[in-house]
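Engineer: Sharing a structure with you now.
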Amino acid sequence: MAGWMWLRCVLGPHLQRIHRSPDQSQLEGRTGRRGWSYQPRSLEKHTDSILGWASALWSLSYYSSPLLLCYLYRKGYICSSKLVPMSQYVGTILVCLLGVACLRGWGRWKNSEYLQFISVLEETKKNHTLANKKKLRCYDFDFSYWPVDFSWSEVSHPKLSKAGVSLLKPEPRLRGAADSVLNSVRTVPCHIISFLIAHSFGRRMLYPGSVGLLQKAMRHMLQQGQARLIEEFDGQRNKLVACDGNEIDTMFVDRRRDGGHNGKTLVICCEGNAGFYEVGCMNTPLEGGYSVLGWNHPGFGGSTGVPFPQNEANAMDVVIQFAIHKLGFQLNDIVVYAWSIGGFTASWAAMSYPEIKSLVLDASFDDLLPLALKVMPDSWRPLVQHTVRQYMNLNNADQLVKYQGPVLLIRRTRDEIITTTGPEDIMSNRGNDLLLKLLQSRYPKIMTDEGIRVVRQWLGASNPLEEASVYSGYEVDDDWCVSVLQSYQTDRDVLFPWTVGEDMTLEGRRQLALFLARKYMRNFESTHCTPLPASEFHSPWRL
């Protein structure tokens with residue numbers, strides 16, 4: 001028995017923090033679940049440090065392997081006479097590391113806190129009951145060891161295709177049969193290069209948060225953020241399994257018992273390309289009193305996999321299924337809130353689950369391609385275009401226009417990330433294009449050339465005073481605009497696109513265009529990465 005427990009300690013996860021149980025906090029009159037960091041003893045601490053350095057060196061070797069292999073080849077080390085001694089050295093190092101791991105297990109075995117934790121973990125794996133899960137949630141440890149709380153296979157799913165959930169695909173160009181075969185042969189090198197770019201530095205440039213070294217550097221900050229969510233907000237961590245097998249790390253804060261109106265609404269948060277729920281946009285709806293469900297992209301934090309569009313959509317799908325089938329929320333009680341690149345999964349969710357309550361997109365863009373072309377050389381344009389469309393097609397606008405419900409777009413007026421020229425040129429902000437495409441799809445008779453012109457003029461305002469001046473300059477009568485739209489809605493009760501404005505004067509269409517633009521978009525005077533205050537998080541406009 002003792003030998004088995006020692007083996008479990010050798011193979012067990014890192015234990016980072018121990019949270020006070022909710023029951024104990026209530027008995028002691030505490031409002032929060034104040035915990036403490038796990039304190040390893042001397043032997044465990046030093047052996048863990050050695051293994052940590054070995055892991056960091058392996059990560060560096062992995063990312064620098066192409067350069068390292070070139071260097072070894074030029075120095076003549078890649079030959080049988082050199083490889084045999086090198087393999088012996090590597091084997092010796094591995095044996096030493098195995099010995100260090102055994103010593104670390106011994107140190108853990110002598111620590112009563114770790115023994116108690118490993119006992120709870122083993123018991124929870126055997127009997128995944130609510131009582132055992134409650135005990136396990138008092139520990140913060142490597143998420144790969146966390147038992148599964150929900151899987152996509154637990155519910156029937158009509159939206160699944162062979163690769164997972166369905167995505168919008170770019171429309172293929174029409175070609176003749178002979179021309180198509182010839183073109184396919186001619187573009188084989190381009191396909192190979194695009195694949196290599198997308199699966200190497202391209203994906204890491206687009207989602208830097210998936211890089212292991214960055215996560216190691218942020219580990220302490222992420223642990224603090226997670227401790228705050230659990231101990232101050234009674235957050236519940238859960239592991240979900242998506243249809244592609246990826247494990248998704250989520251955090252749920254339940255406000256339904258607090259009695260507030262907002263607590264009955266669940267806000268699902270979609271983070272940016274270097275954002276994690278531990279320190280990301282979850283805080284904005286939390287401050288507003290909402291129930292909140294945060295999740296990490298595949299490859300971020302405790303989530304496994306890589307954040308390609310298909311994997312992202314699969315992850316978003318299982319998050320929504322979990323909210324419905326395990327947390328007990330209805331679709332019409334769910335608001336999807338996204339920041340930056342999270343707009344892709346958020347707009348996919350709105351397109352795929354049109355019954356959701358509303359959609360809020362903060363600092364998001366219409367399409368990745370213009371932003372990718374901005375940072376790459378002009379000579380690479382055809383290659384960049386093919387790579388983005390084939391492997392990283394974040395077509396937010398195409399997905400958004402298929403959603404019929406309320407939408408709020410938040411534009412950062414000094415955004416330096418999603419502009420194609422610079423933060424000083426607000427008209428190059430791709431949030432403008434997202435708004436225009438949405439309005440054109442919903443109100444095509446209003447958003448004619450003249451409607452687009454006046455909305456662009458309003459979007460180009462450099463400050464709130466100039467914005468108000470443009471609005472008042474066209475003498476927009478808000479009451480009249482509301483009455484026209486309500487009358488159209490009452491008489492027809494049809495889905496978008498609407499034909500309102502078809503028989504209207506030019507002046508009337510201008511008023512409606514500006515009125516709708518101001519209802520669908522709000523400006524926030526800040527840069528891209530400034531956290532959104534709770535006061536700026538509003539419910540989208542409803543007619």
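The values are calculated or read from the model by the stated rules, or taken from the named source; none is laboratory data. No experiment lies behind these values; they were computed from the predicted model shown. FYI the Cβ positions are ideal-geometry reconstructions off the backbone, even for glycines, and counts take in every protein chain you see. Surface areas here come from the heavy atoms of the whole protein model, side chains and all, with no ligands, DNA or RNA. Shrake-Rupley method; radii C 1.70, N 1.55, O 1.52, S 1.80 Å.
Engineer: Give the number of residues within region 392-423 that are within 30 Å of LEU331 (Cα to Cα), open to solvent by 40 Å² or more (accessible area, probe 1.4 Å) and not basic (Lys, Arg).
Structural biologist: In the first step, residues of region 392-423 are kept if they are within 30 Å of LEU331 (Cα to Cα); the result is 392-412.
Now restrict to residues that are open to solvent by 40 Å² or more (accessible area, probe 1.4 Å): 398, 401-402, 404.
Okay, now just the ones that are also not basic (Lys, Arg), so 398, 401, 404.
Of the residues in region 392-423, 3 are within 30 Å of LEU331 (Cα to Cα), open to solvent by 40 Å² or more (accessible area, probe 1.4 Å) and not basic (Lys, Arg).
Engineer: Another question about this same structure. In region 464-502, which residue that is of a type in the set (Asp, Glu) and either modelled with pLDDT under 90 or in a loop (DSSP other than H, G, I, E, B) (or both) is farthest from ARG412 (Cα to Cα)?
Structural biologist: Among residues in region 464-502 that are of a type in the set (Asp, Glu) and either modelled with pLDDT under 90 or in a loop (DSSP other than H, G, I, E, B) (or both), the one farthest from ARG412 (Cα to Cα) is ASP491.
Engineer: If I ask for residues that are in contact with a Leu (Cβ under 8 Å, 6 or more places away or on another chain), under 14 Å from ALA2 (Cα atoms) and either part of a loop (DSSP other than H, G, I, E, B) or open to solvent by less than 60 Å² (accessible area, probe 1.4 Å) (or both), which ones from region 102-113 would you list?
Structural biologist: GLY105, GLY107, ARG108, LYS110
Engineer: Let me ask something additional. Give me the pairs, please: first residue somewhere in region 412-433 and under 18 Å from MET376 (Cβ atoms), second residue anywhere and part of a helix (DSSP H, G or I), beta-carbon distance under 6 Å, and either six or more positions apart or on two chains.
Structural biologist: ILE418/ARG430; THR419/SER428; THR420/PRO370; THR420/LYS374; THR420/SER428; THR421/SER428
Engineer: Can you name every residue in region 503-543 that is open to solvent by less than 60 Å² (accessible area, probe 1.4 Å), part of a loop (DSSP other than H, G, I, E, B) and of a type in the set (D, E, K, R)?
Structural biologist: Listed by number, the list is empty, since nothing qualifies.
Engineer: Let me ask something additional. For region 1-34: of the residues being open to solvent by less than 60 Å² (accessible area, probe 1.4 Å) and more than 23 Å from ARG104 (Cβ to Cβ), which is modelled with the highest pLDDT?
Structural biologist: Across region 1-34, the extreme among qualifying residues is HIS19.
To keep it simple, each residue is scored yes or no on (1) over 30 Å from TRP380 (Cα atoms); (2) modelled with pLDDT of 70 or more; (3) out of contact with any Phe, Trp or Tyr (no Cβ under 8 Å at 6 or more places or on another chain).
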site: ASN132; (1), (2), (3): yes, yes, yes
site: GLU154; (1), (2), (3): yes, yes, yes
site: GLY176; (1), (2), (3): no, no, yes
site: SER194; (1), (2), (3): no, yes, no
site: LEU214; (1), (2), (3): no, yes, yes
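Engineer: Can you find even one residue in region 75-87 that is open to solvent by 90 Å² or more (accessible area, probe 1.4 Å), in contact (Cβ under 8 Å) with a residue 40 or more places away in the chain and not in a helix (DSSP H, G or I)?
Structural biologist: no
Engineer: Go through region 441-455 and report how many residues are among the charged types (D, E, K, R), assigned to a helix (DSSP H, G or I) and surrounded by 15 or more Cβ atoms within 10 Å (Cβ to Cβ).
Structural biologist: Result for region 441-455: 1.
Engineer: From the list SER119, SER49, which residue is within 14 Å of GLY12 (Cα to Cα), assigned to a helix (DSSP H, G or I) and hydroxyl-bearing (Ser, Thr, Tyr)?
Structural biologist: SER119
Engineer: Residues in region 427-440: is at least one surrounded by fewer than 17 Cβ atoms within 10 Å (Cβ to Cβ) and either modelled with pLDDT under 95 or on the phi > 0 side of the Ramachandran plot (or both)?
Structural biologist: Within region 427-440 (the criterion being surrounded by fewer than 17 Cβ atoms within 10 Å (Cβ to Cβ) and either modelled with pLDDT under 95 or on the phi > 0 side of the Ramachandran plot (or both)), the answer is no, since none of the residues qualifies.
Engineer: Now, a different point. Might you let me know whether region 367-379 holds any residue that is open to solvent by less than 20 Å² (accessible area, probe 1.4 Å), over 13 Å from the mean Cα position of the chain (by Cα), among the acidic types (Asp, Glu) and modelled with pLDDT of 95 or more?
Structural biologist: No.
Engineer: Please go through region 374-395 and give me each residue that is assigned to a loop (DSSP other than H, G, I, E, B) and either among the acidic types (Asp, Glu) or without any contact (Cβ under 8 Å) to a residue 24 or more places away in the chain (or both), ordered by number.
Structural biologist: MET376, PRO377, listed by residue number.
Engineer: Right, here's the next one. Using beta carbons and a limit of 7 Å, which pairs, at least six apart or on different chains, have the first residue in region 518-543 and of a type in the set (Gly, Ala, Ser) and the second one in a loop (DSSP other than H, G, I, E, B)?
Structural biologist: If the second residue must be in a loop (DSSP other than H, G, I, E, B), the pairs left are SER526/ARG414; ALA534/GLY288.
Engineer: Within the group ASP234, ASP258, ASP254, which residue is at pLDDT 95 or above and more than 19 Å from ALA349 (Cα to Cα)?
Structural biologist: The match here is ASP254.
Engineer: Give the number of residues within region 325-366 that are without any contact (Cβ under 8 Å) to a residue 60 or more places away in the chain, of a type in the set (S, T, N, Q) and open to solvent by less than 10 Å² (accessible area, probe 1.4 Å).
Structural biologist: Selection size over region 325-366: 1.
Engineer: From the list ASN314, ASN283, ASN296, pick out the single residue that is polar (S, T, N, Q) and closer than 20 Å to LEU167 by Cβ.
Structural biologist: Values: ASN283 fails: closer than 20 Å to LEU167 by Cβ; ASN296 fails: closer than 20 Å to LEU167 by Cβ.
Of the residues listed, the single one that is polar (S, T, N, Q) and closer than 20 Å to LEU167 by Cβ is ASN314.
Engineer: For region 282-315, how many residues meet the condition of being under 15 Å from TRP348 (Cα atoms), in contact with a strand residue (DSSP E or B) (Cβ under 7 Å, 6 or more places away or on another chain) and not polar (S, T, N, Q)? If you could, list the steps in order and put the result at the bottom.
Structural biologist: At the first step, the residues of region 282-315 found to be under 15 Å from TRP348 (Cα atoms) are 297, 307-315.
Cutting the leftovers down to in contact with a strand residue (DSSP E or B) (Cβ under 7 Å, 6 or more places away or on another chain) gives us 313-315.
In the following step, the residues that additionally are not polar (S, T, N, Q) were identified as 313, 315.
Within region 282-315, residues that are under 15 Å from TRP348 (Cα atoms), in contact with a strand residue (DSSP E or B) (Cβ under 7 Å, 6 or more places away or on another chain) and not polar (S, T, N, Q) number 2.
Engineer: Please state which one of LYS169, LYS239, LYS159 is at pLDDT 95 or above and among the charged types (D, E, K, R).
Structural biologist: Matching residue, one of LYS169, LYS239, LYS159: LYS239.
Engineer: Given the condition touching a strand residue (DSSP E or B) at 6+ places or on another chain (Cβ under 8 Å) and under 22 Å from PRO464 (Cβ atoms), answer yes or no: does some residue in region 504-520 qualify?
Structural biologist: yes
Engineer: Restricting attention to region 136-143, does a residue exist that is open to solvent by 70 Å² or more (accessible area, probe 1.4 Å) and not in a strand (DSSP E or B)?
Structural biologist: no
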